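Data first, discussion second: the structure below is written as C-alpha cells.
Where a number appears in this text, it was derived from the coordinates with a stated rule and is not lab data. It should be emphasised that the depicted structure is a prediction, and the values quoted were computed from it without experimental measurement. All Cβ positions, even for glycine, are placed from backbone atoms using ideal geometry, and neighbour counts span all protein chains on display.
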Amino acid sequence: MTYKRPDSRYPENWNKLRWAIFKEYDFICQKCGRYKKGDLHLHHKTPLGLGGTNHKDNLIPLCSKCHMKEHKLNKRKRYVR
C-alpha cells in the first residue's frame with residue numbers, strides 16, 4: 001500500500017523513505033521498544049514547523065500509541081514557560 005501525504009512539505013519519495021527508516025530500525029518503536037511492523041509512524045524529532053527537516057537524522061519510528069503521547073507531551077512543553 002502506498003501512503004500519500006497531502007502536504008507539500010513532504011518529499012516525493014516519502015513512502016520509500018518511511019520504509020527505509022522502518023527497516024533500519026527493524027520495525028521497532030524507538031519509545032517503547034516493541035516490534036510494531038503494522039503500527040509504525042514516522043516521527044520528526046524536531047517538527048517541520050519548528051525548523052526540522054525530512055532528513056533521516058530527524059526521523060524515528062514510533063508506534064501509534066507512543067507517537068500520540070509524544071505529540072501531547074510536546075504540545076504541553078510549548079505552553080509551559
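The 3J(HN,Hα) values that the Karplus relation (6.51, -1.76, 1.60; θ = phi - 60°) gives for region 44-53 are, in residue order, 7, 4, 9, x, 4, x, 10, x, x, 10 Hz. Gly and Pro appear as x. Put a dot 7 Å past the Cα of Met68, heading toward its Cβ, do the same for Leu50, and the two dots end up 2.2 nm apart. Database remark: amide H of His41 closer than 5 angstrom to the amide H of Leu62, Cys63, Ser64 (H placed geometrically; neighbours at sequence offset of 5 or more, or on other chains; Pro and chain starts carry no H). Each Lys or Arg adds one and each Asp or Glu subtracts one; over the other residues with Cβ under 15 Å from the Cβ of Ile60, this totals +4. Our Cα-only numbers for region 14-79 put the radius of gyration and Dmax at 11.7, 35 Å.
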